[in-house]
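Enquirer: I'd like to ask some things about the structure below.
The values are calculated or read from the model by the stated rules, or taken from the named source; none is laboratory data. Fair warning: this is a prediction, and the values are worked out from it, not measured in the lab. Note: ideal-geometry Cβ built from the backbone for every residue, glycine included; neighbour counts use all protein chains shown. Ligands, DNA and RNA are stripped out before the accessible areas are found, and what is left, the full protein with its side chains, is counted by its heavy atoms. Shrake-Rupley method; radii C 1.70, N 1.55, O 1.52, S 1.80 Å.
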Amino acid sequence: MPPAGPGLPPYLPAAPGGPSRLRRIATPAGVLAAVVGAFGYVATVDPNQPGHYPVCPMLRFAGVYCPGCGGLRSAHAFAHGDLAAALGANALAVVGYGIFAVLWTVWLVREVRGKPLRIALRPVHWWGIGAVLLIFTVVRNLPFGSALAP
């Protein structure tokens, strides 16, 4: 063991086996608690009633639905178990809920097994996500895509 120099803390060896399982799942559990709390708030404070949430600035100033428009109404309907209303308010948000659930589950399983989750998206993936958001935004603002409008 190397000696501690002046002003340096003494050498402490790493714990054998790494962090405990409880410590490894603390972060995924905290993220899930935050998401459940947010959905719980949106479930109790109805976004369909005016005055509870701010208006989308894109819709207010440009008159165009952004990719997030209807997201709170979608979350409210989803929290109440109304999948049809959630899809009608913002179908892309519902797809996002599913992607989050799958990624969170994979994250938790990997943490329990002691293998950290690493998601390395290449630029082509980011461009693809941007393209989906752009296409969704354009289509929901055109007459033939009005079914995607909130």
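Enquirer: Suppose the filter is open to solvent by less than 60 Å² (accessible area, probe 1.4 Å) and out of contact with any His (no Cβ under 7 Å at 6 or more places or on another chain); does Ala62 pass it?
Expert: Details: open to solvent by less than 60 Å² (accessible area, probe 1.4 Å): no; out of contact with any His (no Cβ under 7 Å at 6 or more places or on another chain): yes.
It is false that Ala62 is open to solvent by less than 60 Å² (accessible area, probe 1.4 Å) and out of contact with any His (no Cβ under 7 Å at 6 or more places or on another chain).
Enquirer: Filter the range 118-141 down to the residues that are open to solvent by 70 Å² or more (accessible area, probe 1.4 Å) and in a loop (DSSP other than H, G, I, E, B) and list them by number.
Expert: Within the range 118-141, Arg118, Ile119, Ala120, Leu121, Arg122 meet the criteria.
Enquirer: What is the one condition in (1) more than 17 Å from Asn141 (Cβ to Cβ); (2) open to solvent by 50 Å² or more (accessible area, probe 1.4 Å); (3) at pLDDT 90 or above; (4) not hydroxyl-bearing (Ser, Thr, Tyr) that Gly40 does not satisfy?
Expert: Going through (1) more than 17 Å from Asn141 (Cβ to Cβ); (2) open to solvent by 50 Å² or more (accessible area, probe 1.4 Å); (3) at pLDDT 90 or above; (4) not hydroxyl-bearing (Ser, Thr, Tyr) one by one, Gly40 breaks only (2).
Enquirer: Is there a residue in the range 13-33 that is modelled with pLDDT of 90 or more and not in a helix (DSSP H, G or I)?
Expert: No, that holds for no residue.
Enquirer: Collect the residues in the range 24-69 that are under 26 Å from Ile135 (Cα atoms) and among the hydrophobic types (A, V, I, L, M, F, W, C), keeping them in residue-number order.
Expert: Within the range 24-69, Val55, Cys56, Met58, Leu59, Phe61, Ala62, Val64, Cys66, Cys69 meet the criteria.
Enquirer: I need a count of the residues in the range 68-117 that are outside any helix (DSSP H, G or I), open to solvent by 80 Å² or more (accessible area, probe 1.4 Å) and either modelled with pLDDT under 95 or among the aromatic types (Phe, Trp, Tyr) (or both). Lay out the reasoning, then the answer.
Expert: Our first condition is that a residue be outside any helix (DSSP H, G or I); within the range 68-117, this holds for 68-70, 80-82, 90, 113-117.
When the remaining residues are screened for being open to solvent by 80 Å² or more (accessible area, probe 1.4 Å), the result is 80, 113, 115.
Still in the list and also either modelled with pLDDT under 95 or among the aromatic types (Phe, Trp, Tyr) (or both): 113, 115.
Matching residues across the range 68-117 total 2.
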